[in-house]
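The structure appears right after this line, and notes come after that.
Taken together, the values in this text are just the output of simple stated rules run on the coordinates, not laboratory data. Please read all numbers here as calculations on a predicted model, not as lab measurements. Cβ coordinates were reconstructed from backbone atoms using ideal geometry, including for glycine residues, and neighbour counts include every protein chain displayed.
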Amino acid sequence: MLAKNALTMALSLSFTLCTSVNVFANNISLDSMTKDITFLASNELNGRANFSEDIDKAANYISQRFQEIGLVPLESEQSFLQSFELINIAPEKLSAVINDLEIADKHITMASTIEHFNWTIPQDFSTHVIGKDDNMRAVISSLNQTGGKHLVLINTAHAKLFSSYRGYFARGLNKLKLEHQGAIVMVLTDEQQLESVNISATSKLTKHKLTNVVGVLPGKKKPKEIVLFSGHYDHLGITPASNKHDNADVIYNGADDDASGTTAVINLAQYYAKKENNARTLMFSAFTAEEIGGFGSRYFSQQLNPDDVVAMINIEMIGKPSKFGPGEMWMTGMERSNLGSLLNESLKDKGNKVHQDPYPEQQLFYRSDNATLARLGVPAHSFSSTQLDKDKHYHQVSDDLASLNLSSMLQVIESLSIATQGLVNGDITPTRVDVNQVKKRGKIY
């Protein structure tokens, strides 16, 4: 019923779409777009949670679409499915005696990439004290950037924030590799001096399989130069059993976040494959694990030379009209390269434009898969439309197909098909991102 209603709704919009001043091409099929997002956001996929069978159904669907379109797998892969392993390292046992006082379980937590350790002398680690007036978040973030082994004594005035960190660290850290051996042990206490210590910790390692879906349209004239179109296809799954109520909606469908972006990637691939005249090689990637730390894009970035990637068009949440109007989109990190101005040059006669990110305070440049490649110098930006300051559906079960505006979404994809033509033709090349101006990832968590 969901699919039928969605398709009916979309088709009823077709006349409006065709006569809208903001639709200036018929590059993207309304029917194709609607069918793709209807399936990806359907209840059948149970919210596309990482490590579930349901996300595999989504991956297989995207893979099948890539095959139908006529894409080919990466040379290093035998199929469109790019599988890899993720390691979760979670606290299993943790105890501490500070100045001959045994610390209660609820007052100690850790982020560790070390399986076992026992600290008995201050020389085993660095000690830090966070007073009641200190910025706890800034101190912990700095230690994470530095790496190494740290004991942090935290004043009880920070109990609420400490509890948040404790809940986060209890889920464990996800890593592609356990390269950096470091740990941050946090103790909630009013002790300010360290006279004696005995901290013992053991972590449990669990390995999970994850899968990106990557298709390639080889370039005709500049095959070594790559334009990457991407979106993440994972989401949050189903409401925890403890939060379920009779007849309640329990599925995080993730229609806007980010079935909309994945649908755009599929349909842009279909458009450019039909044209058969791309000078540069086009890669279309549906990333996994964005919702748990962007590990799909991290793994992907390690499988190619980032210097070969001319630009990354990462599409994230385009299912609702922006504050600039239906069909209008905005771009994160516009000041970091001239990609935005180049795209707007292509759109200048078309009645709309790519706007600057209207929510700089939310640090969105770092909150999607583009950040991974931007850290490697790629002009990598996310393109979105949703009004994040007003959206009530973000990470809620109400982020379903009924909450979207398919008319606006189609216009955004149409705009991208025109704006990116110069990239695809090899006519424009954006400036690189200055890696020294991009905040690095933490070493421990």
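From the square roots a ≥ b ≥ c of the eigenvalues of the alpha-carbon gyration tensor of segment 290-445, which class results: rounded (a/c under 1.5), prolate (a/b over b/c), or oblate?
Oblate.
Quick one: which residues, 5+ away or cross-chain, put their amide H under 5 Å from the amide H of Arg48? H built at 1.01 Å from N.
HN-HN under 5 Å from Arg48: Gly237.
Starting from the Cα-Cα distance between Lys132 and Ala104, subtract it from 0.36 nm times their residue separation and give me the gain in nm to one decimal.
Using 0.36 nm per residue and subtracting the Cα-Cα distance, I get 8.1 nm.
Can you spot the lysines whose alpha carbon is less than 23 Å from Lys353's alpha carbon? Ignore those fewer than 8 places along the same chain.
Lys320, Lys323, Lys390
Roughly what would the spin-label model give for Leu347 and Asp307, points 7 Å off Cα along C-beta, in nm?
Between Leu347 and Asp307, the simple spin-label model gives 3.2 nm.
If you take every DSSP beta bridge whose two residues both sit in segment 196-313, what share of them, in percent to the nearest 5, is antiparallel?
Roughly 35 percent of the DSSP beta bridges within segment 196-313 come out antiparallel.
Which of the three applies to segment 249-331, rounded, prolate or oblate, going by the alpha-carbon gyration tensor with a ≥ b ≥ c and a/c under 1.5 meaning rounded?
Oblate, because a/c is 1.5 or more while a/b does not exceed b/c.
Skipping prolines and chain starts, which residues have an amide H placed within reach, meaning under 5 Å, of the one on Lys443, given they are 5 or more residues away or on another chain?
Here the answer is Gln145, Gly147, since their amide H atoms fall under 5 Å of that of Lys443.
Using a simple charge model, +1 on the beta-carbon of Lys and Arg, -1 on the beta-carbon of Asp and Glu, nothing else, what dipole does segment 19-147 show about its Cα centre, in debye to the nearest 20?
Dipole magnitude for segment 19-147 comes out near 400 debye.
Magnitude of the Cβ-charge dipole of the chain, K/R +1 and D/E -1, about the Cα centre, nearest 20 debye?
700 debye
Mind checking which of Gln303, Gln396, Gln82 has the largest fluctuation in a GNM of the chain, springs on alpha carbons under 10 Å?
Taking springs between Cα atoms under 10 Å, the residue moving most is Gln303.
Taking every DSSP beta bridge with both residues inside the chain, roughly what % is antiparallel (nearest 5)?
Values: 42 of 74 bridges.
Bridges in the chain that DSSP calls antiparallel: roughly 55 percent.
Kirkwood Rh, Cα Rg: Rg to Rh for segment 31-123?
1.27
Each residue of segment 437-445 in order: what ³J(HN,Hα) in whole Hz does its phi give by Karplus 6.51 cos²θ - 1.76 cosθ + 1.60, θ = phi - 60°, with x for Gly and Pro?
9, 10, 4, 7, 6, x, 8, 9, 10
To make sure I understand, if each residue's beta carbon is the centre and we count other beta carbons within 10 Å, what order do Trp119, Trp330 fall in, fewest to most?
Trp119, Trp330
Using a ≥ b ≥ c from the Cα gyration tensor of segment 196-266 (square roots of the eigenvalues), is it rounded, prolate or oblate, where a/c under 1.5 gives rounded and otherwise the larger of a/b and b/c decides, a/b for prolate?
Values: a/c = 3.77, a/b = 1.39, b/c = 2.72.
Here segment 196-266 falls in the oblate category.
Where both partners of a DSSP beta bridge lie in segment 91-226, what percent of those bridges are antiparallel, to the nearest 5?
Percentage antiparallel, nearest 5: 60.
Given the options Ser322, Tyr445, His107, identify the residue whose Cα lies farthest towards the positive end of the charge dipole of the chain (+1 on Cβ of Lys, Arg; -1 on Cβ of Asp, Glu).
Positive-most Cα among the choices belongs to Ser322.
Excluding same-chain residues fewer than 8 positions from Lys440, which lysines have a Cα within less than 16 Å of its Cα?
Here the lysines satisfying the reach criterion relative to Lys440 are Lys175.
With springs only between Cα atoms under 10 Å, which of Tyr252, Tyr394, Tyr359 fluctuates most in a Gaussian network model of the chain?
Residue with maximal mean-square fluctuation among Tyr252, Tyr394, Tyr359: Tyr359.
Binned at 10 Å from 0, what are the whole-percent values of the Cα-Cα distance distribution for the chain, short to long?
Result, from short to long distances: 4, 20, 28, 23, 14, 7, 2, 0 percent.
Roughly what % of Cα-Cα distances in segment 87-207 sit above 18 Å, to the whole percent?
Above the 18 Å cut-off, segment 87-207 has 48 percent of its Cα pairs.
Under a 10 Å cutoff between Cα atoms, tell me which one of Leu282, Leu401, Leu173 has the largest fluctuation in the Gaussian network model of the chain.
Greatest mean-square fluctuation among the candidates belongs to Leu173.
For the pair Glu179 and Val97, what calculated FRET efficiency results from E = 1/(1 + (r/R0)^6), where r is the Cβ-Cβ distance and R0 = 35 Å, to the nearest 0.05?
0.70
Can you compute 3J(HN,Hα) from phi for each residue in segment 319-333, using the Karplus curve 6.51 cos²θ - 1.76 cosθ + 1.60 with θ = phi - 60°, rounded to whole Hz and x for Gly and Pro?
Those phi angles translate into x, 9, x, 7, 5, 8, x, x, x, 8, 10, 10, 10, 7, x Hz.
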